[in-house]
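Enquirer: Just dropping this structure here.
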Amino acid sequence: MATIGIPRGFFFDLYYPEWKVFFEALGFDVLPSPETNKVILDEGIKIGVSEACISLKLYEGHVAYLVKSGKVDYVFVPRLLSEYPPSAFTLCPKFRGLPDIVRAALLDMKLPDVVLTANGDWGKKNGRLEFYIKVGLVLGKSKWQVKKAFLESQKMRKKFMKLLLSGYLPTDIRRILLDGEDVPKPQFDGHLIGILGYPYLVYDEYITNHIFDRLRSEGFSYITADMYEWDELYSILKDLGKPLFWGQSNKVLAAAMKMLKDKRVEGLVSLESYGCGTDAWIGKIIEQEAKGIKPYMELILDEQTAEAGMVTRIEAFVDMIMWKEKMAKKGVM
Amino acid sequence: MEGEDGKERGDVIVYIGVDIGSLTTKVVVTDEEDNIVFSLYERTNGKPIETLQKALLKVRDTLGDIKVDGVGTTGSGRYLAGLVVGADIIKNEITAHAVATTKDVPDVQTIFEIGGQDSKIIIVRQGIVVDFAMNTICAAGTGSFLDHQAERLNIPIEEFGDYALKSKNPARIAGRCTVFAESDMIHKQQMGYATEDIIAGLCEALVRNYLNNVGRGKEILPPYVFQGGVAANKGIRHAFEKMLKSVIYVPKNYGVMGAYGMAILARNSMAESPRESKFSGFDVAEKQFKTRSIVCNICPNLCEVVLVYENNKPVAAWGDRCGRWQEKIRPRVGKQKKTEVA
């Protein structure tokens, strides 16, 4: 049976489990690319356009890795136009052009065109189902078969979302749902840090230098934008008067506003992709909103981000929060 | 051997703070009241371990018999230093600097710290850090920018400040990038600007760059404290005063504040949870430490791993993303990954 490769970038962390179930229900084998490593990063930088953000370069690196491995017949590169129903917020242009960008990047490498794609307007009613049907039809399956596989995949999605909303990281959820491992339940007691940023950056342990492990070893727990109900975030946006144009940015901004009000969260760290246009906006907006309310720090990540600089900033941020608590206990404040 | 107060010298309890930066090594020894009894500021010259060992010998030779009750390390070489001296506490530079400054100037609200290759701004309110930032991407607003330009102008960096103060009309020089600063500077030289005006211009360019980049979006309020190696430069201090229209306080020990902060933190830590100090003793100066860097090619990450040997026995490793080398030396529980990948 044919094998479908799924690059570990952009949508992977939030959608891989349901995609895996969908394709397997249709009788395909599914193979993800490995976790980001230096070879993938270097490849992405080599074939990607220099102006693009680091996350797009990483995605291209993952696609190239899959194709070059020779183990896959297709690489699944969806063209997502919108997300987050019922908002129908537009996604970043790199998502709209993704299959074309990927094909152009692979052109010089003279690799076979294995891109499996379909347009997805997920922000609209039934947008998700329509997308899956298109994908299934491309693969030569009947509408009936596809609908059945879709229902299976949505069962997986439900399980995934339940774990995500209770604070498990996507990587841990994959271990639980796909590998059948036991992972300790996330704790929200003690010190909680809000981690802001797009899922494809936040959950890539290579590019963030294992930020979650580091926080954990400092005795901190964390919450990300994806761990809040979308409906809750959406209502915050409606109160804003005028939301931003880009979908993912709206989600991060709303999560920031939520975290500023969430009594459990003691500080906010925003992970941003060097070269991301929208981050330049929301970073500033969050900075203004957080001023005088909660500690806030921006970490801009790129392919050269050194471990030392990152560690120092995280340690200092964590210290700042602990120091405040210590002084409050002593009754100084 | 007896000291003046009749106590055995061995009873004099001290705390050692070490700050290994990119360019310089700082060591401070304090007594039980946080008074500095010894301080040292030296170029690291790319040999952090040797420099530190020599510094420890100097501490022993200067202070004689002392009982070291706590050691703290900071700076970019804090883990290496911590290993060599046997640190009781290892902290980042932001915390270390803030602790020292609030001790010296309790009502400080803004700390400017400019070192060799990095610069920081620390915002303090009621004695605690509430915000901070470090320079990103390049070293334009740091000591090495000045070093570079001083060299180009053929003026010793020590005299830079005096030159700057002589200027009546500082030249406007782009300070965003050393490359542009250079072309700007050469242009101004060709135009016939006086050297002191160019130097004062450079100082202002650095401060402007620092406040606009590192200090961007921060609530910069007096009292201001300026520390780090660059605080020795009167020209920079003057440029800060001119731009902020306020007095800038430079602490007496401006160059070793990070180390001083670590000595204080070491004392605090030992007082909070009394225990035996891990200090390796001054004999550590005689030990052979060697470091070796290898490129690990077990996986495609090709990490540059640094291995540290004490008398030919590996004692530490870092730089490996997976923790494989660290684990070899100090086993820990790792997580297994099962999923098959391409």
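The values are calculated or read from the model by the stated rules, or taken from the named source; none is laboratory data. Remember, predicted model here, so these are calculated numbers, not experimental data. Positions of Cβ are backbone-derived with ideal geometry, glycine not excepted, and every protein chain shown enters the neighbour counts.
Enquirer: For segment A:17-37, check the following and say yes or no: at least one residue is over 19 Å from A:Gly97 (Cβ atoms), over 20 Å from the mean Cα position of the chain (by Cα) and basic (Lys, Arg).
Expert: No, that holds for no residue.
Enquirer: Among (1) at pLDDT below 95; (2) within 14 Å of chain B (Cβ to nearest Cβ); (3) outside any helix (DSSP H, G or I), where does A:Leu41 come up short?
Expert: Here A:Leu41 meets the rest and fails (3).
Enquirer: Does segment A:226-272 hold any residues that are touching a residue at least 60 places away in the same chain (Cβ under 8 Å), assigned to a loop (DSSP other than H, G, I, E, B) and over 16 Å from A:Leu192 (Cα atoms), and which are they?
Expert: Answer for segment A:226-272, where residues must be touching a residue at least 60 places away in the same chain (Cβ under 8 Å), assigned to a loop (DSSP other than H, G, I, E, B) and over 16 Å from A:Leu192 (Cα atoms): A:Glu229, A:Pro243, A:Phe245.
Enquirer: Continuing with the same structure: Taking the residues in segment A:117-143 that are touching a strand residue (DSSP E or B) at 6+ places or on another chain (Cβ under 7 Å) and of a type in the set (S, T, N, Q) as candidates, determine which candidate is nearest to A:Ile101 (Cα to Cα).
Expert: That would be A:Thr117.
Enquirer: Kindly indicate whether A:Pro86 is of a type outside the set (Asp, Glu) and buried (at least 19 other Cβ atoms within 10 Å of the Cβ).
Expert: Taking the combined requirement at face value, the residue does not satisfy it.
Enquirer: Run B:Val305 past the list (1) touching a strand residue (DSSP E or B) at 6+ places or on another chain (Cβ under 9 Å); (2) touching a residue at least 24 places away in the same chain (Cβ under 8 Å); (3) within 14 Å of chain A (Cβ to nearest Cβ) and report the number of the one that doesn't hold.
Expert: (2)
Enquirer: While we're on this one: Taking the residues in segment B:84-96 that are in a helix (DSSP H, G or I) and at the interface with another protein chain (Cβ under 10 Å from one of its Cβ atoms) as candidates, determine which candidate is nearest to the chain's Cα centre (by Cα).
Expert: B:Glu93
Enquirer: Ok, one more. Go through A:Gly61, A:Gly70 for me and flag whichever is on the phi > 0 side of the Ramachandran plot and either modelled with pLDDT of 95 or more or of a type outside the set (Phe, Trp, Tyr) (or both).
Expert: A:Gly70
Enquirer: Could you grab me the full set of residues in segment B:1-43 that are at pLDDT below 75 and part of a strand (DSSP E or B)?
Expert: Residues satisfying the conditions are B:Glu2, B:Glu8.
Enquirer: For segment B:205-228, give me each residue that is of a type outside the set (A, V, I, L, M, F, W, C) and either free of Cβ contacts under 8 Å to residues at least 12 places away in the same chain or buried (at least 24 other Cβ atoms within 10 Å of the Cβ) (or both).
Expert: B:Tyr210, B:Asn212, B:Gly217, B:Gln227, B:Gly228
Enquirer: What are the residues in segment A:17-38 that are closer than 22 Å to A:Ile4 by Cα and either assigned to a helix (DSSP H, G or I) or not assigned by TED's automatic domain parsing to the domain that holds A:Leu151 (or both), if any?
Expert: Result: A:Pro17, A:Glu18, A:Trp19, A:Lys20, A:Val21, A:Phe22, A:Phe23, A:Glu24, A:Ala25.
Enquirer: Out of (1) in contact with a Gly (Cβ under 7 Å, 6 or more places away or on another chain); (2) within 17 Å of B:Gly261 (Cα to Cα), the odd one out for B:Leu40 is which?
Expert: Looking at each condition in turn, B:Leu40 falls short on (1).
Enquirer: Still on this structure: Please specify each residue of segment B:262-280 satisfying the condition of being assigned to a loop (DSSP other than H, G, I, E, B) and among the small types (Gly, Ala, Ser).
Expert: B:Ser273, B:Ser277, B:Ser280
Enquirer: Regarding segment B:79-87, can at least one residue be identified that is out of contact with any strand residue (DSSP E or B) (no Cβ under 8 Å at 6 or more places or on another chain) and in contact (Cβ under 8 Å) with a residue 40 or more places away in the chain?
Expert: No, that holds for no residue.
Enquirer: Among the numbered criteria (1) more than 13 Å from every other protein chain (Cβ to nearest Cβ); (2) within 28 Å of B:Glu33 (Cβ to Cβ); (3) not basic (Lys, Arg), which single criterion is violated by B:Ile128?
Expert: (1)
Enquirer: Another question about this same structure. Whether any residue in segment A:45-52 is surrounded by 18 or more Cβ atoms within 10 Å (Cβ to Cβ), of a type outside the set (Asp, Glu) and within 14 Å of chain B (Cβ to nearest Cβ) is what I want to check.
Expert: no
Enquirer: Can you report the number of residues in segment B:189-234 which are closer than 27 Å to A:Glu298 by Cβ, of a type outside the set (A, V, I, L, M) and in a loop (DSSP other than H, G, I, E, B)?
Expert: Of the residues in segment B:189-234, 8 are closer than 27 Å to A:Glu298 by Cβ, of a type outside the set (A, V, I, L, M) and in a loop (DSSP other than H, G, I, E, B).
Residues checked against (1) surrounded by fewer than 19 Cβ atoms within 10 Å (Cβ to Cβ); (2) facing chain B (nearest Cβ under 9 Å); (3) closer than 24 Å to A:Ile207 by Cα; (4) aromatic (Phe, Trp, Tyr):
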site: A:Leu253; (1), (2), (3), (4): no, no, yes, no
site: A:Leu260; (1), (2), (3), (4): yes, no, no, no
site: A:Tyr296; (1), (2), (3), (4): no, yes, yes, yes
site: A:Leu301; (1), (2), (3), (4): no, no, yes, no
site: A:Thr312; (1), (2), (3), (4): no, yes, yes, no
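Enquirer: Pull out all pairs, ordered by first then second residue, where Cβ-Cβ is under 8 Å, the residues are six or more apart or on different chains, the first lies in segment A:59-72 and is under 11 Å from A:Val114 (Cα atoms) and in the same structural domain as A:Gly9 (by TED's automatic domain parsing), and the second is assigned to a helix (DSSP H, G or I) and charged (D, E, K, R).
Expert: A:Ala64/A:Glu43
Enquirer: Sort out which residues of segment B:281-312 are closer than 24 Å to B:Gly64 by Cα and not in a loop (DSSP other than H, G, I, E, B), and write them in order of number.
Expert: Correct list: B:Phe282, B:Asp283, B:Val284, B:Ala285, B:Glu286.
Enquirer: In addition: Here are some conditions: (1) out of contact with any strand residue (DSSP E or B) (no Cβ under 7 Å at 6 or more places or on another chain); (2) at pLDDT 95 or above. A:Ile195 meets all but one. Which one does it not meet?
Expert: (1)
Enquirer: Shifting gears a bit: Does segment A:149-156 contain at least one residue that is away from chain B (no Cβ under 14 Å), in a helix (DSSP H, G or I) and among the aromatic types (Phe, Trp, Tyr)?
Expert: Yes, that holds for at least one residue.
Enquirer: Here's another thing I want to ask about it. Sort out which residues of segment B:253-278 are at pLDDT 95 or above and charged (D, E, K, R), and write them in order of number.
Expert: Across segment B:253-278, the qualifying residue is only B:Arg267.
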